[in-house]
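What follows is a single structure, written as structure tokens, with notes after it.
Just so it is clear, none of the values below were taken in a lab; they were calculated from the coordinates. Predicted, not measured: the structure shown is a model, and the values here were computed from it. FYI the Cβ positions are ideal-geometry reconstructions off the backbone, even for glycines, and counts take in every protein chain you see.
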Amino acid sequence: MPWPAWLKRAFAVDEGPLDPTPEQVAIVDYLAREVVRRGMTVPALAFLEMTQPLNYVSAQAIRFFAPLASAVFDARTQESFAAFLEHRGSMEFLCRAIERESSRAAAASANGPPPDRDAGTASDPPSDASRSAV
């Protein structure tokens, strides 16, 4: 007995190449920069590698929590990231982006601090002396 046409591809997995949109690449690059900036490269990569088979479930979870998250995050960005996660190679793409950003940060720190980080800039936390004067 032949299989019905609708059942032949019922459990098929998208095996096509991942071709993210420029908006999705920008989101991934932002996430990678934030992960590296916060010093969470190794835990993030370990988590992403462990949950790689669940990328589609992650995309559906983003869609499920969209009404709650829309109070904090842009709905268009959420939808774009969820669509990105539905592709098979999305977690690998995200891991490579984090590794690339980590390499850039390591190379930048090897060359010394950026020139705009002078002592006493507004982005530095207040020193103990300035706190005790208050």
**OP:** Determine ³J(HN,Hα), in whole Hz, for all residues of the stretch 97-109 in sequence, where each value follows from phi through the Karplus function 6.51 cos²θ - 1.76 cosθ + 1.60 and θ = phi - 60°; x replaces Gly and Pro.
**Re:** 5, 5, 5, 5, 5, 5, 5, 4, 5, 5, 5, 5, 6
Subject >> Backbone HN-Hα couplings from phi across the stretch 88-96 [Karplus 6.51/-1.76/1.60, Hz, Gly and Pro as x] >> reply: 4, x, 5, 5, 5, 4, 5, 4, 5
**OP:** About the Cα centre of the stretch 20-109, how large is the charge dipole given +1 on each Lys and Arg Cβ and -1 on each Asp and Glu Cβ? Please answer in debye to the nearest 20.
**Re:** 140 debye
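What length, rounded to one decimal in nm, is gained on full extension from A46 through to F65, with 0.36 nm per residue of separation minus their alpha-carbon distance? Kindly include the intermediate steps, with their values, before the conclusion.
Details: separation 19, 0.36 × 19 = 6.84 nm, distance 2.40 nm.
Working it through step by step, the gained length comes to 4.4 nm.
Summing Lys, Arg as +1 and Asp, Glu as -1, what charge do residues with Cβ under 12 Å from the Cβ of Q24 carry, Q24 excluded? Write down the numbers at each step before the final one.
Details: positive: R76; negative: D19, E23, D29, E79, E86.
Computed value for this residue: -4.
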Original post:
Which Rg and Dmax, in Å, describe the Cα atoms of the stretch 20-109?
Top reply: 13.2, 40
**OP:** Quick one: check the C-alpha center-to-center distance for the stretch 23-48 versus the stretch 85-100, whole angstrom.
**Re:** 10 Å
